[in-house]
Amino acid sequence: YLGEWHTHNEETPIPSTTDTNLMGQVAKDGSPSFDAFFMLIIGNSGAAHIEVLRQNGAEIKREGKVIPWRE
């Protein structure tokens, strides 16, 4: 499972409740066959939010960061 990507109509994108629920549900369902997967959200000001979700048994750890993707 490579991840979810989409755009948000905001300057600096952040995951919505729908986004975080989706990531949690995918991990809970055991849908991905990998220990980690990511989500990419592109904002409209040249910023992107990248979030990685790592699963270790029942433990799920999320790490996210906003980065510029164009200048």
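The values are calculated or read from the model by the stated rules, or taken from the named source; none is laboratory data. Keep in mind that this is a model prediction, so the values were computed, not measured. Note that each Cβ is placed from the backbone with ideal geometry, even for glycine, and that neighbours are counted across all protein chains shown.
Just name the residue that is surrounded by the most Cβ atoms within 10 Å (Cβ to Cβ) out of those in region 51-71 that are among the β-branched types (Val, Ile, Thr) and closer than 17 Å to ASP35 by Cβ.
Going through region 51-71, the residues among the β-branched types (Val, Ile, Thr) turn out to be 52, 60, 66-67.
Now restrict to residues that are closer than 17 Å to ASP35 by Cβ: 52, 60.
Numbers: VAL52: 15, ILE60: 13.
By that ranking, first place goes to VAL52.
Against the definition (assigned to a helix (DSSP H, G or I) and without any contact (Cβ under 8 Å) to a residue 60 or more places away in the chain), how does VAL26 come out, yes or no? Steps first, please.
Working: assigned to a helix (DSSP H, G or I): yes; without any contact (Cβ under 8 Å) to a residue 60 or more places away in the chain: yes.
Criteria met by VAL26.
I need every pair where a residue in region 48-68 that is free of Cβ contacts under 8 Å to residues at least 40 places away in the same chain has its Cβ under 6 Å from the Cβ of a residue that is surrounded by 15 or more Cβ atoms within 10 Å (Cβ to Cβ) and of a type in the set (Phe, Trp, Tyr), sequence separation at least 6 or different chains.
Every condition considered, the pairs that remain are VAL52/PHE38; LEU53/PHE37.
So, in region 2-21, exactly how many residues are modelled with pLDDT of 75 or more and within 16 Å of ARG54 (Cβ to Cβ)? So that I can check it myself, show each step before the final result.
So in region 2-21, the residues modelled with pLDDT of 75 or more come out as 6-21.
Retained after the next criterion (residues that are within 16 Å of ARG54 (Cβ to Cβ)): 15, 20.
The total comes to 2.
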